[in-house]
Amino acid sequence: MQELIESITRKLQVLREARESLLEDIQANGVLGDEVEAIAKDVCKPSELDKFRMFVGDLDKVVNLLLSLSGRLARVENALNDLDENTSPGERQSLLEKQRVLIRQHEDAKELKENLDRRERVVFNILAGRLSDESLADYEHFVKMKSALIIEQRELEDKIHLGEEQLKCLLDSLQPDRGK
């Protein structure tokens, strides 16, 4: 049992170090985005710059929304799959209703993402006519990495949370019953 605790603790330490490294990557990508924005500010019309800023701001929100809804939907579907014959019809119905709502919200979020993808192409076309090839490549890298880093951060946070829960449950199971 002690070996398992030590293994989970080591794994959590590795995950936390990876999170620190990832936060540095996120910060570096943010600096790249700021540099691209500063260049765009000098060469774009105010309305074009607003489109750039709105797109970048919405990118965070839409990707996080999709990740959140996907995770919630997966948890509800797992709960539905884990139901047995002793489950009350009310509980089953409640989970089915949650599933329906989450599926609808997820579909709406996918539409938002498709709209965002169209806006990304509009912003790219604006910047393609204004930025140097190098700055345009920086912009493309920034946008691609922004989404990838958000996804990676969410996955890492989920793994850390799961490891912490496992460790807590394991440690709690080793504690003698208190107050009994």
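Values quoted throughout were computed directly from the atomic coordinates according to the rules given, and no laboratory measurement underlies them. Just so it is clear, the model here is predicted, and its values are computed rather than measured. Don't worry about glycine lacking a Cβ; one is built from the backbone with ideal geometry, like all the others, and counts go over all protein chains shown.
For region 44-65, give me each residue that is of a type in the set (Gly, Ala, Ser) and farther than 15 Å from Val143 by Cα. Of everything in region 44-65, just one residue is of a type in the set (Gly, Ala, Ser) and farther than 15 Å from Val143 by Cα, namely Ser47.
The residues listed here are Leu49, Leu80, Leu23; of these, the one that is of a type in the set (A, V, I, L, M, F, W, C) and touching a Leu at 6+ places or on another chain (Cβ under 7 Å) is Leu80.
Quick grid of which residues meet (1) hydrophobic (A, V, I, L, M, F, W, C); (2) in a helix (DSSP H, G or I); (3) in contact (Cβ under 8 Å) with a residue 60 or more places away in the chain; (4) surrounded by fewer than 17 Cβ atoms within 10 Å (Cβ to Cβ):
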position: Glu17; (1), (2), (3), (4): no, yes, no, yes
position: Glu24; (1), (2), (3), (4): no, yes, no, yes
position: Glu35; (1), (2), (3), (4): no, yes, yes, yes
position: Ala40; (1), (2), (3), (4): yes, yes, yes, no
position: Phe52; (1), (2), (3), (4): yes, yes, yes, no
position: Asp60; (1), (2), (3), (4): no, yes, yes, yes
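Scanning region 142-177 for residues that are more than 18 Å from the chain's Cα centre (by Cα), under 29 Å from Arg16 (Cβ atoms) and not small (Gly, Ala, Ser) returns Glu164, Glu165, Gln166, Leu167, Lys168, Cys169, Leu170, Leu171, Asp172, Leu174, Gln175. Filtered by the rule that a residue be of a type in the set (A, V, I, L, M) and assigned to a helix (DSSP H, G or I), region 78-96 gives Ala79, Leu80, Leu95, Leu96.
Considering only residues that are over 30 Å from Arg53 (Cα atoms) and either aliphatic (A, V, I, L, M) or surrounded by fewer than 12 Cβ atoms within 10 Å (Cβ to Cβ) (or both), look in region 92-124 and name the one that is nearest to the chain's Cα centre (by Cα). Here the residue is Val101. Checked against the criterion of being over 28 Å from Glu24 (Cα atoms), assigned to a loop (DSSP other than H, G, I, E, B) and of a type outside the set (S, T, N, Q), the candidates Arg75, Arg130 yield just one match: Arg130. A count restricted to region 133-180 and to residues that are over 24 Å from Glu6 (Cβ atoms), of a type in the set (S, T, N, Q) and not in a helix (DSSP H, G or I) stands at 0.
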